[in-house]
1. What about ASP118, is it open to solvent by 60 Å² or more (accessible area, probe 1.4 Å), modelled with pLDDT under 90 and over 14 Å from LEU21 (Cα atoms)?
2. Restricted to region 44-64, and to residues that are without any contact (Cβ under 8 Å) to a residue 40 or more places away in the chain and open to solvent by less than 80 Å² (accessible area, probe 1.4 Å), which residue is nearest to HIS102 (Cα to Cα)?
3. Of the residues that sit in region 124-154 and are small (Gly, Ala, Ser) and surrounded by fewer than 16 Cβ atoms within 10 Å (Cβ to Cβ), which one is nearest to the chain's Cα centre (by Cα)?
4. Based on this model, can you work out whether SER25 counts as open to solvent by 90 Å² or more (accessible area, probe 1.4 Å), under 27 Å from TYR128 (Cβ atoms) and among the small types (Gly, Ala, Ser)?
5. Looking at this structure, is LEU85 open to solvent by less than 80 Å² (accessible area, probe 1.4 Å), within 20 Å of ASP129 (Cβ to Cβ) and among the aliphatic types (A, V, I, L, M)?
6. Quick one: which residue in THR65, THR30 is closer than 25 Å to ASP138 by Cβ, polar (S, T, N, Q) and in a loop (DSSP other than H, G, I, E, B)?
7. Identify, please: which residue in region 33-43 is under 21 Å from the mean Cα position of the chain (by Cα) and hydrophobic (A, V, I, L, M, F, W, C) and is, among those, nearest to ALA97 (Cα to Cα)?
8. Which one is nearest to ALA130 (Cα to Cα) among residues in region 65-78 that are among the β-branched types (Val, Ile, Thr) and surrounded by 15 or more Cβ atoms within 10 Å (Cβ to Cβ)?
Amino acid sequence: TAVESHAAAVLTDAPGADVVLAVASSLAHTDVLGAVTELAEQIDAGLLDYVEEFGPRCRDVWLVTQGAERVVAADPVADPAQAALAAIHRSIGFEFADQTFHHMDLPSPHAGGRGVADLAAVLDAVLYDAGEVAVRTDGVYRRTLGNDLAVARPWPLESGVLDNVVITGGTGAIG
C-alpha cells in the first residue's frame, strides 16, 4: 500500500497511532436535502465514531474528504455532504484538547480530472502539513491566515467630527 511504501509512515491500528486518518464516506445524494437526510442516518449509524478509536499517543486526527472545497476555478461546486462532514470534524476537534484536528480535501470525483495520482503527496501532506489542506493535481493548497499589511488611512480629528458620537460604558451609562 501507499502507507507501507512511504519512508516516514507505518501502518498501525488507531489506538496505537500518532496520526489517525479518517476517510469520509461518499454519499449518494448531491442535493442539499438528500445529503442532510443521508448524513443524519449515517451519523446515527456511527459515522463519527472514529473519534472514539484513537489512543493516548494520537496527536493529529485528519479527515479526508473528496470535493468538500472549491479551491481552483476548475473545481465544481463543493459537495454539501462532504463540506458538512468537514465542518462537523472541525467542531468535534474542539472537544479534544490533546489532539489537533485537520482536514484534507481531495479533488471531487465530478471534476473530470484524473484525481490525485500520487498517494505519496497525500501522505506527505498528512505527515508534514497542518490545518486545512486541499490536494489537487497541480499542487497542495493550504488555508492560512496572514497579516494584512494594508495601512488604513488616518482618521482626521478636526473640529466637529465627533459631535454626533455616543460612547457607552460597560454598565450602559452614557457619557
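The values are calculated or read from the model by the stated rules, or taken from the named source; none is laboratory data. The structure presented is a predicted model; accordingly, all values stated were derived computationally and were not measured. With ideal geometry, Cβ positions are generated from the backbone for all residues, glycine too; neighbour counts draw on all protein chains shown. Please note that ligands, DNA and RNA were not included when accessible areas were found on the heavy atoms of the full protein model with its side chains. Shrake-Rupley method; radii C 1.70, N 1.55, O 1.52, S 1.80 Å.
1. Working: open to solvent by 60 Å² or more (accessible area, probe 1.4 Å): yes; modelled with pLDDT under 90: yes; over 14 Å from LEU21 (Cα atoms): yes.
Yes: the conditions hold for ASP118.
2. Top of the filtered list is TYR50.
3. So the first thing to find is which residues in region 124-154 are small (Gly, Ala, Ser), and the list is 125, 130-131, 134, 139, 146, 150, 152.
After this cut, where a residue has to be surrounded by fewer than 16 Cβ atoms within 10 Å (Cβ to Cβ) as well, the list is 130-131, 139, 146, 150, 152.
On the way: ALA130: 10, GLY131: 7, GLY139: 17, GLY146: 17, ALA150: 27, ALA152: 31 Å.
Across region 124-154, the extreme among qualifying residues is GLY131.
4. Numbers: open to solvent by 90 Å² or more (accessible area, probe 1.4 Å): no; under 27 Å from TYR128 (Cβ atoms): yes; among the small types (Gly, Ala, Ser): yes.
Here the answer is no, as SER25 does not meet what is asked.
5. Values: open to solvent by less than 80 Å² (accessible area, probe 1.4 Å): yes; within 20 Å of ASP129 (Cβ to Cβ): yes; among the aliphatic types (A, V, I, L, M): yes.
Judged against the criteria, LEU85 is a match.
6. Values: THR65 fails: in a loop (DSSP other than H, G, I, E, B).
Among THR65, THR30, only THR30 is closer than 25 Å to ASP138 by Cβ, polar (S, T, N, Q) and in a loop (DSSP other than H, G, I, E, B).
7. ILE43
8. Going residue by residue through region 65-78, those that are among the β-branched types (Val, Ile, Thr) are 65, 71-72, 77.
This time we only want the ones that are surrounded by 15 or more Cβ atoms within 10 Å (Cβ to Cβ), so: 65, 71.
On the way: THR65: 15, VAL71: 17 Å.
Applying the filter and picking the extreme gives THR65.
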